[in-house]
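One structure is given here, and the rest of the page talks about it.
Laboratory data are not the source of any read-out in this text; all were calculated from the coordinates shown. Computed from a prediction, not measured in an experiment: that's the story for all the values here. Reconstructed Cβ throughout: ideal geometry from the backbone, glycine too, with neighbour counts over all protein chains shown.
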Protein chains: 2
Amino acid sequence: MAEENSVFIGKKGTMSYVLAVVTQVNQGAKEVNIKARGKTISKAVDVAEIVRNKFVQDLKLADINISTEEVTSAEGTPLKVSSIEIKLSK
Amino acid sequence: MAEENSVFIGKKGTMSYVLAVVTQVNQGAKEVNIKARGKTISKAVDVAEIVRNKFVQDLKLADINISTEEVTSAEGTPLKVSSIEIKLSK
């Protein structure tokens, strides 16, 4: 349930994710979680800032969390990556 | 005064900034602000996580803030960049 309104940041352009967040809000979501890992963390912050400043001014930064996740590399060795979760809510 | 215990993330390797934060803590700082703009935001999160998980376990994430700053490009045109400020405290 909590995962419903999540946007995971990947390799696409920043505006693709901005559009994804704005679409969820326009469909009635009161809260959207923007999640990213590793080098895409900067893009997650850009997405949150662009949505708030240009598209949905009444969205507030409800919470920001950072943590470390363990993933398995292609070679099978464990790898630690930082992650961020930015919660925007009305 | 508030700027005293700040570490600005730039182009050096992640461990340089980890060392800078750990040094400030070892010199008695009760609070360290990690600041970054644009693409170095991911590195700021890495630095905060490495310091907390590997070096100074009693440091807590006191606050995380994101915002948009306006800078002037080399050509003189205004440019908006996202920024992050991660406050670690004992």
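Compute and list, largest first, the equivalent-ellipsoid semi-axes of chain A from the alpha carbon gyration tensor, each √(5λ) rounded to a whole angstrom. Don't skip to the end; give the middle numbers.
Working: eigenvalues 127, 33, 26 Å².
Square roots of five times the eigenvalues give 25, 13, 11 Å.
Note the full-extension length gain between residue A:29 and residue A:6 as 0.36 nm times their separation in residues minus their Cα-Cα distance, in nm to one decimal.
Gain on extension, residue A:29 to residue A:6, equals 7.3 nm.
In nm, what does the list of distances from residue A:55 to its counterparts in the other copies look like, shortest first, when each label sits 7 Å along Cα to Cβ?
Those label-point separations list as 3.7 nm.
Would you kindly state how much longer the chain becomes between residue A:15 and residue A:63 on full extension, computed as 0.36 nm times their sequence separation minus their alpha carbon distance, in nm to one decimal? Present the calculation step by step, with values, prior to reporting the outcome.
Details: separation 48, 0.36 × 48 = 17.28 nm, distance 2.18 nm.
Value of the extension gain: 15.1 nm.
Would you mind listing the distances between the residue A:90 label point and the same position in each other copy? Use 7 Å along Cα-to-C-beta, nm, one decimal, shortest first.
Label-point distances to the other copies, shortest first: 4.6 nm.
At residue A:15, with labels set 7 Å past Cα in the Cβ direction, how many nm apart are the copies from this one, shortest first?
Shortest to longest, the spacings are 4.1 nm.
Could you pull out every one of the aspartates and glutamates with an alpha carbon less than 19 Å from that of residue B:39, ignoring same-chain neighbours closer than 8 positions?
Of all the aspartates and glutamates, those that pass the test against residue B:39 - Cα under 19 Å, at least 8 places apart if same chain - are A:46, A:49, A:85, B:49, B:69, B:70, B:85.
Would you tell me the mean number of C-beta atoms belonging to other protein chains that fall within 10 Å of each C-beta in B:33-45, as a whole number?
Average per residue, whole number: 4.
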